[in-house]
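First up is the structure itself, then whatever we jot down about it.
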Ligand SMILES: Cc1ncc(COP(=O)(O)O)c(C=O)c1O
């Protein structure tokens, strides 16, 4: 599944200029990221009030290595959710919600949040989310760098081993590993 393009979002905004929010998933499960910076510009050029909300469930690690695509918040999104338990080392149910103060009313957000969550949070899970973020901040670049190197080596090995001699194969070969659309 591909993430939405800037053109698709711009077309949606032209059709629905009163939209209150644009919500999409990036990265996709397959690791492809949208051009959130371009999407934010496209949305806000039509309506400054419209919120750009990104489901970044698979992107909790993006902020922590410069070779990875920029995270949604670094790209100007108004709100994003991340599943820390997917690629960022937290225990299950340690999702994080980020929002941009000034664009989003923090009191309203917290009130809305409390509508949906327990009043007895698990301190184990809060500690796990905290530990995951602290670990990524302290060692994330090194650990992710190793993971990227291994992934690149695996990809190169697979390409070399696959029977890919035909011209059709050469045309459909994926882009170089430095592609900005790679997230993991
Ligand atoms: C794109 C996407 N968004 C959201 C979720 C749900 O996230 P959580 O596990 O934090 O409820 C998933 C879970 O697989 C997902 O793939």
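Residues in the range 48-70 that are near the ligand (Cβ under 9 Å from one of its atoms) and surrounded by 21 or more Cβ atoms within 10 Å (Cβ to Cβ): 56, 58.
Among the residues of the range 71-80, are any crowded, with 20+ Cβ neighbours inside 10 Å, in contact with a strand residue (DSSP E or B) (Cβ under 9 Å, 6 or more places away or on another chain) and within 15 Å of residue 31 (Cβ to Cβ)? Within the range 71-80, one or more residues are crowded, with 20+ Cβ neighbours inside 10 Å, in contact with a strand residue (DSSP E or B) (Cβ under 9 Å, 6 or more places away or on another chain) and within 15 Å of residue 31 (Cβ to Cβ).
Take the conditions (1) touching a helix residue (DSSP H, G or I) at 6+ places or on another chain (Cβ under 9 Å); (2) in a loop (DSSP other than H, G, I, E, B); residue 121 misses just one of them, which is (1).
Of everything in the range 16-33 that's over 19 Å from residue 97 (Cβ atoms) and within 15 Å of the ligand (Cβ to nearest atom), which residue is surrounded by the most Cβ atoms within 10 Å (Cβ to Cβ)?
If we take residues in the range 16-33 being over 19 Å from residue 97 (Cβ atoms) and within 15 Å of the ligand (Cβ to nearest atom), then 33 is surrounded by the most Cβ atoms within 10 Å (Cβ to Cβ).
Restricting attention to the range 94-116, the residues being at pLDDT below 95 and within 11 Å of the ligand (Cβ to nearest atom) number 0. Can you name the residue in the range 71-84 that is in contact with a helix residue (DSSP H, G or I) (Cβ under 8 Å, 6 or more places away or on another chain) and within 13 Å of the ligand (Cβ to nearest atom) and, of all such residues, is farthest from residue 32 (Cα to Cα)? Top of the filtered list is 84. Residue 59: in contact with a strand residue (DSSP E or B) (Cβ under 7 Å, 6 or more places away or on another chain) and closer than 22 Å to residue 147 by Cβ, yes or no? Here the answer is yes, as residue 59 does meet what is asked.
The values are calculated or read from the model by the stated rules, or taken from the named source; none is laboratory data. Nothing here was measured: the structure is a model prediction, and the numbers come from that model. Neighbour counts run over all protein chains shown; Cβ positions are idealised from the backbone, glycine included.
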